[in-house]
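Enquirer: Just dropping this structure here.
Laboratory data are not the source of any read-out in this text; all were calculated from the coordinates shown. These numbers were taken from a predicted model, which means no experiment stands behind them. Positions of Cβ are backbone-derived with ideal geometry, glycine not excepted, and every protein chain shown enters the neighbour counts.
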Amino acid sequence: MNSTNIKRTCLLSALALGAALSASAQAPASPDPATIDPGPGLVGTNYAELGFGYLREGGTPGDFRDYDFVSNEAAYRQGIWGIDGNFKFDYLNGSADGFIDHREEAMLGATGFLTQTWGKLFLTGDAGMAWESAGGASRKGFAYSLTGGVEFEITRRIAVTPFLEYDADPHLYNHAPAVANLPDHDLLGGVKGTYRFTRQWSGSLSATLDQYNSRDIGLRAGVSYNF
């Protein structure tokens, strides 16, 4: 190859590279996942949430305070399917007649969800350990829960989520003090409303009823940070 052909080849290569770079610069960039608005819902997002709840139960003690922490991470997403991983810690306590009844639960779990145009169907499974102290008697054991529901996006800031939740602590049966009023299993039905204040911060309110008494009601407020 003579010097003229070498120069011609270099010139053509430089022109081709310049054209490719120019086309790349002019082509619309793919949106950065971090800049996509996830909407008001929490399913399928990375967030940490703190919550405080009040439970009214028929028995003694009848009033419980519930404190919980949830950390959720979007682990996998393929099209309309996705999987989240989560960690939950819950502290529940109540007192009556000089006795104090409290229970702690620490669980790990996963949420599978399916995104539709009208909402997100989800199913969450969690498992871990529970510790209870009631009327001077203490015990611990395996704990698990299953939660299923649909997250509806009502507006760009509001999501409403009806759900069913089954909680079980098979070894925390109330066999000792009569003052202990925490059942070893519970089926709850409820609804949760979430409002997104900013891209990072959201607030939520929820209400539940359990299987035992129509007057057993739970109310909860929470605040979450999306990251």
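Enquirer: Kirkwood hydrodynamic radius (Cα pairs, Å) of segment 39-92?
Expert: Result for segment 39-92, one decimal place: 13.2 Å.
Enquirer: Give me the distance in nm between label points sitting 7 Å out from Cα along the Cα-to-Cβ direction at Ile158 and Lys140, one decimal.
Expert: If labels sit at Ile158 and Lys140, their model points lie 4.5 nm apart.
Enquirer: Now for a separate question. Counting other beta carbons within 10 Å of each residue's own, what order do Trp118, Trp81, Trp131 fall into, fewest first?
Expert: With the fewest neighbours first, Trp118, Trp81, Trp131 line up as Trp118, Trp81, Trp131.
Enquirer: Okay, moving on. What ranking of Lys88, Lys140 emerges when the number of other C-beta atoms within 10 Å of each C-beta is taken as an exposure proxy, fewest first?
Expert: Going from least to most buried by this count: Lys140, Lys88.
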